[in-house]
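One structure is given here, and the rest of the page talks about it.
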Amino acid sequence: MQQVWSPSRCEDMQELHEKMKTASRNPKWDLGPQLMNLVHDMVEWFTPDTHSRSFYECPDLFSPSVNSISAFKVIYNPDAFKAALSSCPRLLQVDAVDPFFQHNVVQLDLIEKAYKSKDPIKATSWKTLYSMMIRTGHEPGYTKDKLLGTAISKLYTLSVSSLEHLHHYLKPASLAPGKHSNKSQDSLHLAGHFIIGKIRALKADMMASGDTGSEKKSNGLMILQKRIWDTLLCCLMMQQSKFGSDPKHPGGSNGGSDGSIEESLRKSGGRNLFKDGDVENTKSQEDMKEWGKIRLAAFGSMAIFFLYGTAGWWHCLTDSHNFNQKDVWALVQLAHAKNEWLYPKGHNKERPAEDTPWYTTDSFVRWLLIQGGMHIREADKVDWEYAPRFWAKQVTEINISRFALQDILSEVCRRDTKSLNYKGQVSPSVKFDKGTQAIVTKLQQQIRTELKNTLDSHHASICAHEEALEVDTQSHASHADPQDETSSVDIPLVKLPKRPAPSTDLNPGGQQTSKRSRNHDTTNFSSSPLSSPLPP
């Protein structure tokens, strides 16, 4: 990764990796303080990479029509929609044009060697890397390997659950300005249309619940919601641990940091999220063991998000029995390098937001981290009560369903999207038999027009809303008394730059990636990726 790190930094990283392996032998090792420094960097770097605040905070501006919801009901056909999901490999695999996972940036041949290695024991961090690039052929099932497991089914249940929430966004229409011969009757007519639309949507949901009950055993919406909360919890834990071990803050340790739990306990008066979580009886081995699983799962979700975003949450580090803190440490180091490559070094501009899979959901999580203050490095500037309250208001099934459904349907409607395999090559497109392909094509056509109408309408509403806010702000500023302290209101939310509108161009072609061969020494895949020889 010499494109990202200098040779001396590569050497420092290998030395740091050795220290990590030593520290990890301590059962009380808290990896939070070290990783939180990296999280601070990444949250700072990706701050501009979101939509405007109104996109997330004003669900009233999102108002799909009854016709749109009716068109989206094709989701309730499991065979057809699962086939459509299979034709969208970027929902589960690395995008072929991902600016970071390219031969000239990352030593991709090591990932191929890791996959082909006959080592009886492989570090889960290596398995994670090649599972995100496992697809090499055109088969709809992607691979015979069990690494992807039930990922497509999870995406399907996410789509169904999200559609079931869409009726919440149906709103009564307002009468158009002008004269009405019978205003009360016209208003009643509109109200009737609204109620009928709600009934139609709910009826479809009830029918789907009866038909796809077995599919809901692994509810994708619940999984997505949990993964988001995991990530937020992990950042809170790491932030507390970091401030607790920082000698610059009152009560912090005064010596060298060994990353132990006792160190941060001195800061927190004995209360430590990492050590005890919410366990009341800390002498209960069963309760503490369960907390240990929850904690490791949170660290796993956090690591995967920063490296792969939502695409990695469906099959990477899903079971805390199968990975450890060393895997998390290595993946976060790699994620930090990726985010440095994308943002400070400017390569994020190589792939537009509107052609980035899972952009809406990923940017929502980024926005949550930014607004929750996860970029703040000074403990006395963090409002510890604000972040959980803010997150609880935003991380709801209704909100998440809107973002996830937009991402999934946008990807389904695109043609011939490409993923990258562990050889560093663009994988061939998914191929179906003629009958299945005809069903998928018809489904895409049915969704495409109404999805475009919905996204265009939402974008227009956001623009109108923000223009109105700008006028109100200017009007308030022009009438404010400079001597009046109450005219200045302290708003805790971080002001973000505007992103481009969500794309309604749903038919970009796949792009090829460059390839450059390299020769390297044999690697021990039982250890984490950063123990490997780095590119010369």
Find which of Gln425, Thr396, Gly435 sits farthest along the positive direction of the dipole of the stretch 388-438, computed with +1 on the beta-carbon of Lys and Arg, -1 on that of Asp and Glu, about the Cα centre.
Gln425
Which of the three applies to the stretch 14-112, rounded, prolate or oblate, going by the alpha-carbon gyration tensor with a ≥ b ≥ c and a/c under 1.5 meaning rounded?
prolate
What is the Å³ per residue value for the convex hull set by the Cα atoms of the stretch 322-365?
99 Å³
Note, ³J(HN,Hα) from phi for the stretch 423-428, Karplus 6.51, -1.76, 1.60, rounded to Hz, x at Gly and Pro
8, x, 10, 6, 6, x
Per residue of the stretch 445-454, what does 6.51 cos²θ - 1.76 cosθ + 1.60 with θ = phi - 60° give for ³J(HN,Hα)? Whole Hz please, x for Gly and Pro, Karplus curve as stated.
5, 5, 7, 3, 5, 5, 5, 4, 4, 5
Each label point is 7 Å from the Cα along the Cα-to-Cβ direction; what then is the distance between the points at Thr282 and Glu139, in nm?
5.1 nm
Taking amide hydrogens as modeled 1.01 Å from N in the peptide plane, which residues meet the under 5 Å criterion relative to Ser419, leaving out close sequence neighbours?
Ala96, Ser427
If you consider only alpha-carbon coordinates, what radius of gyration and Dmax does the stretch 398-455 have, in Å?
14.1, 39
Between Ile376 and Lys434, take the C-beta separation as r, use R0 = 41 Å, and let me know the FRET efficiency to the nearest 0.05.
0.15
So what is the relative contact order for the stretch 303-375, in percent, with contacts set as C-alpha pairs under 8 Å and at least six apart?
33 percent
Which value in nm describes the separation of the simple spin-label points at Ser475 and Ser8, placed 7 Å from the Cα toward the beta carbon?
5.8 nm
Here are some pairs, Lys73/Lys171; Lys73/Lys418; Lys73/Lys293; Lys19/Lys146; Lys146/Lys393; which of them have Cα atoms lying more than 28 Å apart in this structure?
Lys73/Lys293; Lys19/Lys146; Lys146/Lys393
How big is D, in µm² s⁻¹, for the stretch 293-447 by Stokes-Einstein at 4 °C and 1.567 mPa s if Rh is the Kirkwood radius over C-alpha pairs?
71 µm²/s
Going by average Cβ density within 10 Å per residue, which order do the peptides 48-58, 454-464 take, highest to lowest?
48-58, 454-464
Expected sort for 417-429, 435-447 on mean C-beta neighbours within 10 Å, highest first, is 417-429, 435-447
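Read-outs: derived from the displayed coordinates by stated rules, not from any lab. From a predicted model like this one, the values you see are computed outputs, not experimental measurements. Positions of Cβ are generated from backbone atoms using ideal geometry, with glycine treated the same way; all protein chains shown enter the neighbour counts.
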